[in-house]
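Asker: Here it is, the structure in full.
Taken together, the values in this text are just the output of simple stated rules run on the coordinates, not laboratory data. Because the structure is a prediction, the values reported are computed rather than measured. All Cβ positions, glycine included, derive from the backbone under ideal geometry; neighbour counts span all protein chains shown.
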Amino acid sequence: MNYFELFEIPVSLKVDKSILAKKYFELQKKYHPDFFTQADEEGQATALEKSSFINKALKLLQNQDETIKYVLELKGLLAADEKYQLPQDFLMDMMDLNENLSADSATAINNIETDLYEEVKDIIEGYNESTSNDALLKVKAYYFKKKYVQRILERLDG
């Protein structure tokens, strides 16, 4: 069972947080270990395992980047620990940015993130089961570019 099936929501690259919260509380009412204190050891262990799975699913689905990664993995378009080859022109731009990091760079980096998102916004927000693999490969490129940009931002903050 994947996380979307668990929460009984459609597979999406951008999960509706209010629906997610509602489903989370429904699932916790049903599976929270506190409701299984009178159950046998096996029942308690099952409830604890299910509750842990629900919490892990919630954490992932609340994070859009992790949700994108998860959907790409579900679709077989992203392998665990994949070494994605970013385009040379992007890498050159990032090298220039890296070499000229300053206090003003955060704004430039945020603008880059916004521009990257704009390229795939319609795909992410309009995703459904019939979205083509070509479109999802654009989202995959966005995912890896954004990760790269985030690392630069973390260096700046650190």
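Asker: Cut-off 10 angstrom, C-alpha nodes, Gaussian network model of the chain. Which of K121, K140, K22 fluctuates the most?
Answerer: K22
Asker: While we're looking at this one, here's another question. What distance in nm lies between label points placed 7 Å from Cα along the C-beta direction at R155 and T46?
Answerer: Here the answer is 5.1 nm between the modelled labels.
Asker: Further, regarding this structure: Go through K30/K146; K56/K138; K50/K121; K17/K50; K17/K75 and tell me which ones have a Cα-Cα distance over 29 Å in this structure.
Answerer: Details: K30/K146 37 Å; K56/K138 27 Å; K50/K121 34 Å; K17/K50 21 Å; K17/K75 22 Å.
Violating the 29 Å limit, Cα to Cα: K30/K146; K50/K121.
Asker: Let me ask something else about it. What value, in deg cm²/dmol to 500, does the helix sum -39500 (n - 2.57) over DSSP H runs of n ≥ 4 give at 222 nm once divided by the residues of the chain? If you can, show how the numbers build up before the last one.
Answerer: On the way: 7 runs with 111 residues, N = 158.
Computed mean residue ellipticity for the chain: -23500 deg cm²/dmol.
Asker: Run the dipole for the chain about the Cα centre, Lys and Arg Cβ at +1, Asp and Glu Cβ at -1, nothing else charged, and hand back the magnitude in debye, nearest 20. Before the final figure, lay out each step's value.
Answerer: Values: 20 positive and 29 negative charges, 61 e Å.
The calculated dipole for the chain is roughly 300 debye.
Asker: Same structure again: Run the numbers on the range 1-154 and let me know its relative contact order in percent, using alpha-carbon pairs under 8 Å that are six or more apart. Intermediate results must be reported in sequence, preceding the final value.
Answerer: Values: 101 pairs, mean separation 41.8, N = 154.
Relative contact order of the range 1-154: 27 percent.
Asker: In the range 1-97, what GluC sites (Glu not before Pro) fall in a loop by DSSP, with at most 13 other Cβ atoms inside 10 Å? Intermediate values should be presented prior to the final figure.
Answerer: On the way: sites: E5, E8, E26, E41, E42, E49, E66, E73, E82; in loops: E8, E82.
Here the GluC sites (Glu not before Pro) that fit, given the DSSP loop and packing criteria, are E8, E82.
Asker: Thinking of the range 1-81 as a set of Cα atoms, what percent of all their pairs are more than 16 Å apart?
Answerer: Cα-Cα pairs in the range 1-81 separated by more than 16 Å: 53 percent.
Asker: Here's something else I'd like to know. Return the ratio Rg/(2.2 N^0.38 Å) for the range 51-125, where Rg is computed over Cα atoms only. List each step's numbers first, then the result.
Answerer: Working: Rg = 16.0 Å, N = 75, 2.2 N^0.38 = 11.3 Å.
Rg over 2.2 N^0.38 Å, computed on Cα atoms: 1.41.
Asker: Tell me, what is a quarter of the convex hull surface for the C-alpha atoms of the range 88-157, in nm² with one decimal? Each step should come with its number before you reach the end.
Answerer: Values: hull surface 19.9 nm².
Directional mean of the projected Cα hull area for the range 88-157 stands at 5.0 nm².
Asker: Moving on to the next point. Name the chymotrypsin sites (Phe, Trp or Tyr not before Pro) in the range 31-120 that are in a loop by DSSP and that have at most 15 other C-beta atoms within 10 Å, would you?
Answerer: Numbers: sites: Y31, F35, F36, F53, Y70, Y84, F90, Y117; in loops: Y84.
For chymotrypsin sites (Phe, Trp or Tyr not before Pro) across the range 31-120 that sit outside H, G, I, E and B with at most 15 neighbouring Cβ atoms in 10 Å, the list reads Y84.
Asker: So if I place +1 on the C-beta of Lys and Arg and -1 on the C-beta of Asp and Glu, and nothing else carries charge, what would the dipole magnitude of the range 3-62 be about its Cα centre? I want it in debye, nearest 20. Intermediate results must be reported in sequence, preceding the final value.
Answerer: Numbers: 9 positive and 9 negative charges, 97 e Å.
Approximately 460 debye in magnitude.
Asker: Near L116, within a Cβ-to-Cβ distance under 12 Å, what is the net charge of the other residues, with Lys and Arg +1 and Asp and Glu -1?
Answerer: Working: positive: K121, K138, K145, K146, K147; negative: D65, D93, E113, D115, E118, E119.
Here the charged neighbours net out to -1.
Asker: How much length is gained on full extension from A79 to M92, taking 0.36 nm per residue of separation minus their Cα-Cα distance?
Answerer: Details: separation 13, 0.36 × 13 = 4.68 nm, distance 2.54 nm.
Here the segment from A79 to M92 would lengthen by 2.1 nm.
Asker: Find out how many positive minus negative residues lie around L153, taking Lys and Arg as positive, Asp and Glu as negative, among other residues whose Cβ is under 12 Å from that of L153. If you can, show how the numbers build up before the last one.
Answerer: On the way: positive: K146, K147, R151, R155; negative: E113, E154, D157.
The answer is +1.
Asker: Beyond 19 Å, what share of the Cα-Cα pairs of the chain is found? Please give it as a whole percent.
Answerer: Details: 7799 of 12403 pairs.
Cα-Cα pairs in the chain separated by more than 19 Å: 63 percent.
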